[in-house]
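Presented below is the structure to which this report refers.
The values are calculated or read from the model by the stated rules, or taken from the named source; none is laboratory data. Quantities reported herein were computed from a predicted structural model and do not represent experimental measurements. So basically every Cβ, Gly included, is an ideal-geometry build from the backbone, and we count neighbours across all protein chains shown. The accessibility values were calculated without ligands, DNA or RNA, using every heavy atom of the protein model including side chains. Shrake-Rupley method; radii C 1.70, N 1.55, O 1.52, S 1.80 Å.
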Amino acid sequence: MLSIIISSYKPANFKALKENIDKTCGIVYEIIKIDNPGLMGITEAYNLGAKKAKYNFFLFLHEDIIFHTDNWGEKLISHHHINNLGVIGIAGGTYIPSVPSGWFTNMNYALINILQREYDTTLRNVKTFTQKAHKAIAIDGVFISISKDNFYNYSFDEKLKGYHGYDTELSLRVAKKHQNYVVSDILIEHFSPGNPDKLWFINNMYIRKKHRYNFNVKNDEKTEMLLYKAFTKTFFTHYKKSFTNYFKVLQFLPILRVKLVNCLKLIKFTLYSND
């Protein structure tokens, strides 16, 4: 049995999703709708919904989706019997860099199984793996499932405001003690691309400061350098150059993950690349 928790601000989307779940879920479930037209951040809305949930497994779900898989509830519950399971998603990543980042770093480390609508309404079928359940680290919040017992040991971090980063933060915290997975036998269609705005950026800096832990089995020097440079460029589109802001960037320097000579190159890049 499944408790489905949705932070809702578009009644038409919620209505369509509810009707779709009725037709496709295939198990006993409840839907807990938290009306949230900008009243609270998604972490607060989800924690509030979890307090109202009565079943042993939770699914936190965006309302701008529909399911294309029949009896997907049965499949989800079967995955919850994996040993030492943490969080289940339908998209996630297998590499966590030193710099602030969401679940996605690049396609080499992306686990995705989704039908994605773009802004021009184009539908892309994105599937990067074939295993029914693939080990992951960070999980995308469009679909994020966790047992009631595990959730009560963690819950969402309400210091994160707005609608960004809650998924990465929770899944990283869980990944320190459990194994997260992305599954391929549940297919959804997602109607809106992401919106990595300034608050997304700020929240991810908070998350990386909170979780300095190296989750990776093996460091990827090339990826670390590329992501550090991308982070630096983005940072200085949001903030002016100053001694304080240089320090804020350099605190994420991948000192233990790249060669010394490359660290020096990254320091130079930080100080001079945008001049």
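Summarise the accessible area of the chain (1.4 Å probe, protein heavy atoms) by the percent that is carbon and sulfur. Intermediate results must be reported in sequence, preceding the final value.
Values: 7360 of 13330 Å².
Solvent-exposed carbon and sulfur of the chain make up 55 percent of the total.
Taking +1 at the Cβ of each Lys and Arg and -1 at the Cβ of each Asp and Glu, which of VAL183, ILE21, GLY41 sits farthest along the dipole of the chain towards its positive end, judged by Cα position relative to the Cα centre?
Most positive-ward Cα: GLY41.
Which one of PRO11, PHE235, TYR163 is farthest out on the positive end of the charge dipole of the chain, using unit charges on Cβ (Lys, Arg +1; Asp, Glu -1) and the Cα centre as origin?
After comparing all options, I get PHE235.
For GLU19, tell me the accessible area in Å² from a 1.4 Å probe, rounded to the nearest 10.
Ignoring ligands and nucleic acids, GLU19 comes out at about 80 Å².
Hey, can you rank 243-253, 177-187 by average C-beta count inside 10 Å, highest first? Please list the in-between numbers first.
Details: 243-253: 14.6, 177-187: 20.2.
Result, highest mean Cβ count within 10 Å first: 177-187, 243-253.
How high is the FRET efficiency from SER155 to PHE236, r the C-beta distance, R0 22 Å, rounded to 0.05? Could you put the intermediate results ahead of the total?
Values: r = 34 Å, r/R0 = 1.57.
E between SER155 and PHE236, to the nearest 0.05, is 0.05.
For segment 1-83, what does the alpha-carbon gyration tensor say about shape, rounded, prolate or oblate, given a ≥ b ≥ c as the root eigenvalues, a/c under 1.5 as rounded, and a/b over b/c as prolate?
Working: a/c = 2.26, a/b = 1.32, b/c = 1.72.
Cα axes put segment 1-83 in the oblate bin.
Rounded, prolate or oblate for segment 107-230? Axes are the square roots of the Cα gyration tensor eigenvalues, ordered a ≥ b ≥ c, and the cut-off for rounded is a/c under 1.5. It would help to have the intermediate numbers written out before the result.
On the way: a/c = 1.25, a/b = 1.17, b/c = 1.07.
Note, shape of segment 107-230 comes out rounded.
Could you tell me the accessible area of VAL258 in Å² (1.4 Å probe, neighbours in place), rounded to the nearest ten?
Number for this one is 20 Å².
Rounded if a/c is under 1.5, else prolate if a/b beats b/c, else oblate: with a ≥ b ≥ c from the C-alpha gyration tensor eigenvalues square-rooted, which is the chain?
On the way: a/c = 1.91, a/b = 1.72, b/c = 1.11.
Verdict is prolate for the chain.
Quick one: plug the Kirkwood hydrodynamic radius of segment 157-215 (C-alpha pairs) into Stokes-Einstein at 20 °C, 1.002 mPa s, and report D in µm²/s.
Working: Rh = 13.2 Å.
Roughly 162 µm²/s, to the nearest whole number.
Just the accessible area per residue of the chain, please: how many Å² with a 1.4 Å probe?
Details: 13330 Å² over 275 residues.
On a per-residue basis, 48 Å².
With the contact rule set at Cα under 8 Å and sequence spacing of 6 or more, what percent relative contact order holds for the chain? Intermediate values should be presented prior to the final figure.
Numbers: 523 pairs, mean separation 57.4, N = 275.
Relative CO of the chain lands at 21 percent.
Going down the list LYS176/LYS218; LYS75/LYS132; LYS54/LYS148; LYS222/LYS248; LYS148/LYS177; LYS132/LYS177, which pairs span over 18 Å between their C-alpha atoms?
Values: LYS176/LYS218 16 Å; LYS75/LYS132 10 Å; LYS54/LYS148 9 Å; LYS222/LYS248 22 Å; LYS148/LYS177 16 Å; LYS132/LYS177 22 Å.
In this structure, LYS222/LYS248; LYS132/LYS177 exceed 18 Å between Cα atoms.
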